[in-house]
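Any read-out appearing in this document is the output of simple, stated calculations on the displayed coordinates, not a laboratory observation. Quick caveat, the model's predicted, so the values are computed rather than measured. When we count neighbours, we look across all protein chains shown, and the Cβ atoms used for this are built from the backbone with ideal geometry, even at glycine.
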């Protein structure tokens, strides 16, 4: 039964039953292994999936607290944590498919997810079909008798294209096909894929959930039976979240609702302002009516997040000068933290994707990805204005 608490309360109290003593702040359980009272207790610990106090590769009290909160936010029975977002995605996919199976993925994914589907899975005899995420008919046409899994990501990195989650779930469920949604770019406060019919929700908790650019982590949210299946693969692959990063993630989750509320408001105002600047060719932000899928964003999202994508007139050189001239937005990868971050996408992806892959992913030479932090919106506007002026000189 879901509790009546709102998100702001859940992030503070969803793990209350896991209290380890009188401390107000959860302790860091910095131990690889834990004691057992006797042989019988040891056997029970060793044979209990995701036991929080047996061996940290199996689980940790800090892991358990984080999982309790994120599962409540996503509306799933349970969750498990990993050492990174890709640890969550790779472990989940490898746990659910085998040689001879077929999976469907969309053409625009986070680059490492794309490599998992296009390069890794085929090496192990798993067939993969890549479809355009905006075309639900393409998902339907790709389904085969041996299709076991559909993987989606929405909004997608870096172009903020959306996938219709309810439509994908409606295709998959009657056929017994599992669905996974990467919800990193939205956060569970802006979008809840499970409520729209998606079976498994994954996050790079490095982003919004941690929120301070000081940890790497991943989370998988699903039902208990599927979580145990994924956990067995997790103990084999060993993408284990450290106790310190688990504690940092727990701390970040406590402030997630207030950070998301501020970030949503700032990003919407900033995106609208950026669209009015003469040097800006186009802006992509799901919260703007100009976004080609704004109607879908309104249906399946309650807020639209930190990331704004925009293209500058003048190509690669001007875009490079603009990014270098920014003073408040740090030139760095990642998103969803307290500081604003910016990347010139063509420069960032050049080392990991060829020209054809970048074109397929919608990464133009003049595309900027800007992740809004907690700075005042007027200060961000002034900084962008001076950088645009510098770039155009």
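GNM, the chain, Cα, under 10 Å: largest mean-square fluctuation among 85, 336, 21? Ranking 85, 336, 21 by mean-square fluctuation puts 21 first. Springs join every pair of Cα atoms under 10 Å in this Gaussian network model of the chain, and among 180, 89, 318 the largest mean-square fluctuation is at 318. For residue 195 and residue 214, the difference between the fully extended length at 0.36 nm per residue and the C-alpha to C-alpha distance is 3.8 nm. Ordering 234, 291, 51 from the fewest to the most neighbouring beta carbons within 10 Å gives 51, 291, 234. FRET efficiency for residue 146 and residue 19, Cβ-Cβ distance as r, R0 = 41 Å, nearest 0.05? Plugging the Cβ-Cβ distance into 1/(1 + (r/R0)^6) gives 0.30. Compute the helix-to-body angle for 377-391: its Cα long axis versus the longest principal axis of the chain, expressed 0 to 90° and rounded to tens. Helix 377-391 sits roughly 50 degrees off the main axis of the chain.
Going from the fewest other Cβ atoms within 10 Å to the most, the residues 124, 42, 322 appear in the order 124, 42, 322. The convex hull drawn around the Cα atoms of segment 93-187, when projected onto a plane and averaged over every direction, covers 5.6 nm². Fewest-first ordering of 17, 77 by other beta carbons within 10 Å of each residue's beta carbon gives 17, 77.
In whole angstrom, how long is each semi-axis of the equivalent ellipsoid of the chain, when you take the square root of 5 times every eigenvalue of its Cα gyration tensor and sort them from largest down?
35, 26, 19
Here r is the Cβ-Cβ distance between residue 40 and residue 251 and R0 is 41 Å; the resulting FRET efficiency, rounded to 0.05, is 0.70. Rounded to the nearest 0.05, what FRET efficiency do residue 12 and residue 338 have when you use their Cβ-Cβ distance and R0 = 25 Å? It comes out at approximately 0.85. Our summary gives the chain a relative contact order of 16 percent, counting only alpha carbon pairs under 8 angstrom and 6 or more residues apart. Against the chain, whose longest principal axis is taken from its Cα atoms, helix 61-74 shows a tilt of about 60°.
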